[in-house]
Amino acid sequence: MRSSVETIRKHIEALRLALLAPSPEGMEQCLPVLADAAGSLISIQRELGRSGGDPELGRELKALKQDLAAVHKLIEHGASFWNQWAKLLGSLSGYTPSGEARPVAAAGTISIQG
């Protein structure tokens, strides 16, 4: 079970690195691996329900939680960055009657389930 957590952490690290220099290709390569990682987490959760606590596994899971928090922050900051760019671009196309920058129409959306 510990090796599964270590593998998941390696996948999360790959995602973190992809988020530091984002590209559509880099993100696309991470998606199948992250889906596998999510499946592994479900298996680990079931196994933990059946077995007692393993201190080493607890440390690994705590480290995984920290890794996920770091990735979450990168995603939040990236979204904020692009939202600010959208506002700036909207201001170039004029303002609404209430004085807000006009929203920029998005060409597409991304949906992640899990």
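Listed values, structure above:
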{"item": "Every residue from segment 9-26 that is surrounded by 14 or more Cβ atoms within 10 Å (Cβ to Cβ) and not charged (D, E, K, R)", "result": "H11, I12, A14, L15, A18, L19, G26"}
{"item": "Conditions (1) touching a strand residue (DSSP E or B) at 6+ places or on another chain (Cβ under 7 Å); (2) at pLDDT 80 or above; number of the one not met by A101", "result": "(2)"}
{"item": "Search result, residues across segment 20-62 that are in a helix (DSSP H, G or I), more than 24 Å from Q113 (Cβ to Cβ) and without any contact (Cβ under 8 Å) to a residue 24 or more places away in the chain", "result": "R50, P55, G58, R59, K62"}
{"item": "Any hit, segment 46-58, residues being modelled with pLDDT of 85 or more and either of a type in the set (S, T, N, Q) or over 13 Å from the mean Cα position of the chain (by Cα) (or both)", "result": "no"}
{"item": "Subset of segment 59-87 [at pLDDT 80 or above and more than 30 Å from I12 (Cα to Cα)]", "result": "none"}
{"item": "Test for Q113: is it of a type in the set (S, T, N, Q), within 29 Å of E28 (Cβ to Cβ) and surrounded by fewer than 10 Cβ atoms within 10 Å (Cβ to Cβ)", "result": "yes"}
{"item": "Filter result (within 15 Å of the chain's Cα centre (by Cα) and more than 17 Å from R16 (Cβ to Cβ)) within segment 71-113", "result": "S80, I110, S111, Q113"}
{"item": "Verdict on L57 being farther than 21 Å from G78 by Cβ and not charged (D, E, K, R)", "result": "yes"}
{"item": "Criterion: surrounded by 12 or more Cβ atoms within 10 Å (Cβ to Cβ), in contact with a helix residue (DSSP H, G or I) (Cβ under 7 Å, 6 or more places away or on another chain) and closer than 20 Å to M27 by Cβ - qualifying residue of A101, A70, A63", "result": "A70"}
{"item": "Hits in segment 11-58 (condition: aliphatic (A, V, I, L, M) and either in contact with a strand residue (DSSP E or B) (Cβ under 7 Å, 6 or more places away or on another chain) or under 20 Å from W82 (Cβ atoms) (or both))", "result": "L15, L17, A18, L19, L20, A21, M27, L31"}
{"item": "Filter result for the condition that a residue is touching a strand residue (DSSP E or B) at 6+ places or on another chain (Cβ under 6 Å) and either of a type in the set (D, E, K, R) or outside any helix (DSSP H, G or I) (or both), over K87, K73", "result": "K87"}
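The values are calculated or read from the model by the stated rules, or taken from the named source; none is laboratory data. Because the structure is predicted, anything quoted here is derived from the model rather than measured. Because the Cβ atoms are built from the backbone with ideal geometry, glycine has one as well, and the counts that use them run over all protein chains shown.
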